[in-house]
Amino acid sequence: MGKLHQLKASGPTEALAETALREKADAILNDTGGPTLTKDAMITEVAAVFLYDKGRSGTVEDSTMESYEASVRNVITPTCGDLLLRDFTVRRCNRILADIREQRSLAAARKARSVLSLICQTGIEYDILAFNPVRDARRLPLPEKKTAVLTPEQLLLVQRLIRTWRKDSGYGPRPNVETLENAMWIMVGTSVRVGEVLALRRCDVDVASSPPSALVNATIKQTKKQGIYRKPSPKRTRQKRRIALPSFTAAAVRSQLARTGKGAEAYLFATKSGKPLSGSNYERLLRTFVDDNKAALQSAGIETEQFSTHIFRRSTATLVEAVAGITLASRLLGHANEQITRASYVVSAELVDPVTAEIIDEAFAELF
């Protein structure tokens, strides 16, 4: 049996009062136990329903939900939260995004555009909007492409600087230079992301095979809800792949294996308690190294402003693409298609052609 509701509504005319009454009736009929919306809902109210619906769907990762929430809380609500969603036109969208870009940043505006589009989609689902104005709004420019890469000679300089960094310098406890160097060489030799390197366990690497290899099948994530944890797939599930290791990368893996626990699932890069090292901690270590050695790095022609873990990935991909073409570079990067690298190609097989190790070894042959 349904529940009986006694509804009341008022309005300046009989027709408007009847419309208000029907809206209340529709809200009850469409009630799924969560928040409801009227046609007079403000953007901040629709955003709250959007976040509620996404959160309970179970299809969105915690890190993605946190980025949605941050954009709503810090950017969208202060900028246009009090605007009625029904009054959110294409023209207003263009002005709002232009203001966010000018007052905050291009990255904040691009993220806000994405979230506003999802909010408008929620408005369509709740019969507030007939179409999504964000889709017809002007496109924001892409962020400036980072082009800095490191040559083999520059990487050898980085290695020398790491090995002497804060050695007998009176700075206090010395940073973990072994972790900094070994993870660098693994990223250079495989072009994987830092989270994927930090997710490697003893059972994921095989340095006794010919050629040695590493299975990239996870990444380290960090959210407020879960803390630091191992996601059992790379950035995208289909990006799982086994990569042949150049000799210097296999040496870095062996060096790290000597420092890690004996269990099959022991992380190559772990904290003292055996937990995985977070990507933010490694990035912080790398930034500190770059700041301390900025003059020496810049004198070698290295762009320190672009020196992050991405520069290792970009350098190797550039090298492989130049020698073997875009398809193999895309496979090595774990891209779903070459449009991210350059044209359209889907990663299907797990094994990356072992020729990648031979190409990288040849490039470094005279230096090792």
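The values are calculated or read from the model by the stated rules, or taken from the named source; none is laboratory data. Values in this document were obtained by computation on a predicted structure and should not be read as measured data. Neighbour counts run over all protein chains shown; Cβ positions are idealised from the backbone, glycine included. All accessible areas refer to the heavy atoms of the entire protein, side chains included, with ligands and DNA or RNA removed. Shrake-Rupley method; radii C 1.70, N 1.55, O 1.52, S 1.80 Å.
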### Task
Please give every one of the aspartates and glutamates within straight-line cross-link reach of K146, meaning a C-alpha to C-alpha distance under 14 Å, and leave out same-chain neighbours fewer than 8 residues apart.
E303, E305
### Summary
Output row, site R104, 7 Å Cα→C-beta label point, backbone N cut-off 16 Å, window the stretch 69-85, residues 69-83
### Query
Using a 1.4 Å probe, what is the accessible area per residue for the stretch 176-326, in Å²?
43
### Task
Just the number, please: carbon plus sulfur as a percent of the accessible area of the stretch 140-277, 1.4 Å probe, no ligands or DNA/RNA counted.
51
### Query
So, with +1 on the Cβ of K and R and -1 on the Cβ of D and E, and no other charges, what is the size of the charge dipole of the stretch 156-197 about its Cα centre, to the nearest 20 debye?
160
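State the three equivalent ellipsoid semi-axes of the stretch 149-194, derived from the C-alpha gyration tensor as the square roots of 5 times its eigenvalues, in descending order and whole Å. List each step's numbers first, then the result.
Working: eigenvalues 103, 34, 8 Å².
Calculated on Cα positions only, the semi-axes equal 23, 13, 6 Å.
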### Solvent exposure of the stretch 56-153 as accessible area per residue, Å², 1.4 Å probe
59
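With only Lys, Arg, Asp and Glu charged, each at its Cβ (+1 for the first two, -1 for the last two), find how big the charge dipole of the stretch 146-234 is about the Cα centre; round to the nearest 20 debye. Present the calculation step by step, with values, prior to reporting the outcome.
Working: 14 positive and 7 negative charges, 107 e Å.
Computed charge dipole of the stretch 146-234: roughly 520 debye.
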### Task
Give the distance, in whole Å, between the Cα centre of the stretch 58-123 and the Cα centre of the stretch 288-323.
34
### Query
Using the Karplus equation 6.51 cos²θ - 1.76 cosθ + 1.60 (θ = phi - 60°), what ³J(HN,Hα) coupling, rounded to whole Hz, does each residue of the stretch 265-272 give in order, writing x for Gly and Pro?
9, 5, 6, 5, 10, 10, 7, 4
### Query
Which pairs break 22 Å Cα to Cα here: K145/K225; K111/K145; K54/K275; K231/K275; K111/K221; K111/K240?
K145/K225; K54/K275; K111/K240
### At most 10 other Cβ within 10 Å, DSSP loop - GluC sites (Glu not before Pro), the stretch 81-174
E144
#### Entry: 5 angstrom amide H check on T219, placed H, neighbours 5+ away
K231, S233
### Query
Along the stretch 61-67, what does the Karplus equation 6.51 cos²θ - 1.76 cosθ + 1.60 (θ = phi - 60°) give for ³J(HN,Hα), rounded to whole Hz, x for Gly and Pro?
5, 4, 5, 5, 4, 5, 6
### Summary
Counting only backbone N atoms under 14 Å from a point 7 Å out along Cα-to-Cβ of S57, the residues of the stretch 66-90 in range are 66, 68-69
